[in-house]
Structures are given as C-alpha cells and as structure tokens.
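A.B. asks: Handing you this structure, nothing more for now.
The values are calculated or read from the model by the stated rules, or taken from the named source; none is laboratory data. Just so we're clear, the structure is a prediction, and the values are computed from it rather than from any experiment. For neighbour counting, all protein chains shown are included, and Cβ atoms are generated from backbone atoms with ideal geometry for every residue, glycine included.
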Amino acid sequence: MNGLLKIPTRSFEAWQEDLLPVNQPATDGFIEPPNLDPWLRVQALNVIRHAAALRPFCHKEFGTDPASPSDAHIDAANELIGNLRSQLREMSQRVGKSASDAIAQPDVERLQELLIRKERSHDWVQAIEQIWDFYFELFGQRQSRFGDWLLACDRIALDCYQYVYMGLGIPKSIPAPAPFSYMKTGFGPATFRRGISLTKLSKQINPFPLIQLPYHRLVNPWTLGAILHEVSHNLQTDLNLRQTIPNAIAYRLLKA
C-alpha cells in the first residue's frame with residue numbers, strides 16, 4: 001500500500017497472552033508468587049552474623065605498656081557488650097523461628113512477624129555497635145602519642161581516691177575499675193559517673209568513671225587541676241554522698 005509495510009493488527013489481549021509464561025493460564029488472572037525461601041533464610045542469617053561480629057575485646061588488643069587499658073576496664077566493657085549480645089542471640093533465634101514459619105506458610109501475618117522481629121534485632125545491633133565503637137575509640141587513644149598523658153591523668157584521679165579512702169577512718173576498698181581518662185575536643189572537662197545510663201552507651205549503665213579532657217588542657221598541665229574537680233563528683237557518688245549531704249543540709253535548715 002503506497003510502498004508502506006503493512007503490520008498485522010493484533011488485539012492487546014493477544015499480545016498479553018504471548019508475554020505470559022507457557023505454564024501460566026491467561027484467563028484466570030493468577031500470578032505465580034515468587035519463591036521467598038532464599039530471602040527468608042537470609043534474614044535470619046544476617047542477624048546471626050551481626051551477633052557473631054560484635055566480638056569482645058582482647059586484653060592485649062590495645063597494647064601492654066602502662067598506658068594501655070587495664071584488664072579490669074576491658075573486662076567491664078566486655079561484660080556490658082556480652083550481656084547485650086546474649087539478648088541479641090535470643091532475638092536471632094526468634095527471627096530464625098519466624099523465618100521457618102514464613103517458609104512453611106508465607107502468609108501476611110507470618111511475614112509481618114518476621115519483619116518486626118528483624119527490625120527489633122537490627123535496632124539492637126546498632127545499639128551494641130554504638131557501645132563497641134565507643135570503647136574501641138576510647139581504648140584506642142592509649143595507643144597514640146597521648147597515651148602517656150592520659151595515663152598521668154589516670155594516676156592523678158586514682159591518687160585522689162586513695163587519699164580520700166585512706167582517710168575515711170573505716171576500712172573500705174576503692175571501687176574498681178578506677179576512673180579512666182580520655183581526650184575529646186571541647187571547651188572544658190567533664191565527667192560521667194559510675195552507675196548512670198549514658199547516651200554514648202546506648203542508654204546502658206556506665207561501668208566505670210570517665211574523665212573527659214580537652215586537648216588544650218592536656219597541653220597546658222597547669223590547668224589539670226580540673227581533674228580533681230571532676231574526680232570529686234565521682235567520689236561523691238561512690239561514697240553515697242549525693243543524697244546524704246543535701247539531706248543533712250535540709251535537716252539542719254529545718255531544725256534551725
């Protein structure tokens with residue numbers, strides 16, 4: 001027709017029928033669901049691998065010289081991480097069960113249960129990773145050129161504890177682990193007491209006192225009297241004076 005190629009006309013339904021699989025009926029509208037088994041198995045496997053990757057720290061991992069973290073500090077960090085890892089292992093078992101249930105019967109309810117448990121496990125993994133990263137950086141500073149400086153700060157803090165506890169008049173052991181100093185940029189020093197929850201630790205309980213010191217304090221040692229101030233906050237807590245002193249003052253005022 002006028003030199004133009006004539007294309008045979010076909011209906012849309014005919015083209016659609018050609019695109020359907022050979023074993024797929026074209027008239028009932030049914031679509032074969034994908035095989036979810038490999039994906040479901042991977043969800044449980046990922047949680048297990050995450051739990052295994054969050055390993056404890058080794059005692060000699062950050063060196064063996066005096067500036068290195070003590071075994072007590074590393075053990076305290078490992079205990080905190082270990083308690084959370086044990087809960088993560090329980091979560092991974094529940095994810096595995098949900099995956100098995102979903103493989104056996106991949107309905108909406110079972111798939112949703114798997115995804116909810118997987119999301120909870122993922123959030124738990126992130127919380128543990130935050131703690132692991134914090135201690136990895138904290139202890140890693142002792143391998144830097146600032147290690148000896150921070151060790152000197154530790155000795156000042158421990159000396160404060162020894163002086164106070166020796167003068168109590170009654171036998172009382174110094175709480176362990178001892179205060180641990182670290183460097184962080186900022187305007188002034190700070191401390192994080194033993195036994196309080198910290199955002200840095202995913203709201204978990206801090207196992208030993210932390211003395212945070214800015215770099216400009218470390219390079220100006222005449223300003224390190226701030227260590228005594230920060231340590232005093234921890235002494236007040238470890239000696240249970242945080243409530244005793246305010247209560248005693250209130251008692252005297254009310255009695256006057």
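A.B. asks: Given the conditions (1) small (G, A, S); (2) part of a helix (DSSP H, G or I); (3) at pLDDT 90 or above; (4) more than 16 Å from the chain's Cα centre (by Cα), report the number of the one that A76 does not fulfil.
C.D. replies: Looking at each condition in turn, A76 falls short on (4).
A.B. asks: Give, as residue ranges, the strands (runs of 3 or more DSSP E) completely inside the range 180-222 that count at least 1 residues that are over 27 Å from R85 (Cα atoms) and without any contact (Cβ under 8 Å) to a residue 40 or more places away in the chain.
C.D. replies: 210-213
A.B. asks: Any chance the range 35-55 includes a residue that's closer than 29 Å to A176 by Cα, touching a Ser or Thr at 6+ places or on another chain (Cβ under 9 Å), modelled with pLDDT of 85 or more and in a loop (DSSP other than H, G, I, E, B)?
C.D. replies: no
A.B. asks: Hey, any hits in the range 109-118 for a residue that's of a type in the set (D, E, K, R) and within 30 Å of T191 (Cβ to Cβ)? Outline the logic, then answer.
C.D. replies: Kept after step one, since they are of a type in the set (D, E, K, R), are these residues of the range 109-118: 109-110, 113, 117-118.
Retained after the next criterion (residues that are within 30 Å of T191 (Cβ to Cβ)): none.
Looking for residues that are of a type in the set (D, E, K, R) and within 30 Å of T191 (Cβ to Cβ), one finds none in the range 109-118, hence no.
A.B. asks: Among the residues of the range 69-86, is there at least one that is surrounded by 19 or more Cβ atoms within 10 Å (Cβ to Cβ) and over 20 Å from N206 (Cβ atoms)?
C.D. replies: Within the range 69-86, not a single residue is surrounded by 19 or more Cβ atoms within 10 Å (Cβ to Cβ) and over 20 Å from N206 (Cβ atoms).
A.B. asks: Only one of Q212, Q236, Q243 is loosely packed, with under 11 Cβ neighbours inside 10 Å and either of a type in the set (A, V, I, L, M, F, W, C) or within 35 Å of the chain's Cα centre (by Cα) (or both); which?
C.D. replies: Q243 is the lone residue from the list that is loosely packed, with under 11 Cβ neighbours inside 10 Å and either of a type in the set (A, V, I, L, M, F, W, C) or within 35 Å of the chain's Cα centre (by Cα) (or both).
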